[in-house]
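I have placed the structure first, in the form of structure tokens, so that the comments after it can refer back to it.
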Amino acid sequence: MFKRLLVGIVLNAAALYAITVFLPEITYTGSWKFLLIGGAFMGLMNTFVKPFLKILALPFIFLTAGLFIIVINAGLLWALKYFLEVAKFQDVALVIPTKGSYLLAALVFGVVNLILHIFIKNKE
């Protein structure tokens, strides 16, 4: 269980890092602290909150052939940014300038996370 939790944090941190690499308008401060906190937060959100959001949004997911999941991921990224602002971690922040950037970041986050999870599942 602990190994699975740690792997989830690392994969989410890698996906967050990939967002900042592929989309230069999205930046973060706090280096490894951001990746650790962000990976843990996104791991918890993906484990506990995202399944409920998918159930609630099932008609929209069905009508858009799954593309509404990008909107759900954008909402989770917004929640991460809001959490970092409210918690006021020292020198840890995420900067996503526009709504379009949220959607692009959600797309990159989802694709990278999917690829990493497939790679890890094949290794086990």
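The values are calculated or read from the model by the stated rules, or taken from the named source; none is laboratory data. None of the values given here were measured: they were computed from a predicted structure. No Cβ is skipped: glycine too gets one built from the backbone with ideal geometry, and neighbour counts run over all protein chains shown. For the accessible areas, the whole protein counts, side chains as well, though only heavy atoms, and no ligand, DNA or RNA atoms are used. Shrake-Rupley method; radii C 1.70, N 1.55, O 1.52, S 1.80 Å.
For the stretch 68-88, how many residues are open to solvent by 80 Å² or more (accessible area, probe 1.4 Å) and in contact with a helix residue (DSSP H, G or I) (Cβ under 8 Å, 6 or more places away or on another chain)? Before the answer, list the steps.
Step one: filter the stretch 68-88 for residues open to solvent by 80 Å² or more (accessible area, probe 1.4 Å), giving 78, 82, 85-86, 88.
Add one more test, that the residue is in contact with a helix residue (DSSP H, G or I) (Cβ under 8 Å, 6 or more places away or on another chain), and what stays is 78.
Within the stretch 68-88, residues that are open to solvent by 80 Å² or more (accessible area, probe 1.4 Å) and in contact with a helix residue (DSSP H, G or I) (Cβ under 8 Å, 6 or more places away or on another chain) number 1.
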Query raised in the report: Would you say Y102 is in contact with a strand residue (DSSP E or B) (Cβ under 9 Å, 6 or more places away or on another chain), assigned to a helix (DSSP H, G or I) and among the aromatic types (F, W, Y)?
Result: no
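Taking only the stretch 19-35 into account, find how many residues are closer than 18 Å to L84 by Cβ, in contact with a helix residue (DSSP H, G or I) (Cβ under 7 Å, 6 or more places away or on another chain) and surrounded by fewer than 19 Cβ atoms within 10 Å (Cβ to Cβ).
Narrowing the stretch 19-35 to residues closer than 18 Å to L84 by Cβ: 19-20, 23, 25-35.
Cutting the leftovers down to in contact with a helix residue (DSSP H, G or I) (Cβ under 7 Å, 6 or more places away or on another chain) gives us 19, 23, 25-28, 35.
Retained after the next criterion (residues that are surrounded by fewer than 19 Cβ atoms within 10 Å (Cβ to Cβ)): 23, 25, 27.
Total satisfying the criteria: 3.
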Query raised in the report: Among all residue pairs at least 6 apart or on different chains, which show Cβ distances below 7 Å where the first residue, located in the stretch 36-65, is buried (at least 16 other Cβ atoms within 10 Å of the Cβ) and the second is of a type in the set (F, W, Y)?
Result: I37/F89; F41/F83; A57/F68; I61/F68
Report task. Considering (1) more than 24 Å from M1 (Cβ to Cβ); (2) in contact (Cβ under 8 Å) with a residue 12 or more places away in the chain; (3) under 16 Å from the mean Cα position of the chain (by Cα), say which one F89 fails and leave the rest. Result -> (3)
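Any idea which residue in the stretch 92-124 is least open to solvent (accessible area, probe 1.4 Å), counting only those that are of a type in the set (S, T, N, Q) and more than 13 Å from the chain's Cα centre (by Cα)?
Residues of the stretch 92-124 of a type in the set (S, T, N, Q): 98, 101, 113, 122.
With the extra rule that they be more than 13 Å from the chain's Cα centre (by Cα), the set shrinks to 98, 101, 122.
On the way: T98: 71, S101: 8, N122: 123 Å².
So, considering only residues that are of a type in the set (S, T, N, Q) and more than 13 Å from the chain's Cα centre (by Cα), the one least open to solvent (accessible area, probe 1.4 Å) is S101.
Residue check: is F41 part of a helix (DSSP H, G or I) and in contact with a strand residue (DSSP E or B) (Cβ under 8 Å, 6 or more places away or on another chain)? Break it down stepwise before answering.
On the way: part of a helix (DSSP H, G or I): yes; in contact with a strand residue (DSSP E or B) (Cβ under 8 Å, 6 or more places away or on another chain): no.
So F41 fails the test.
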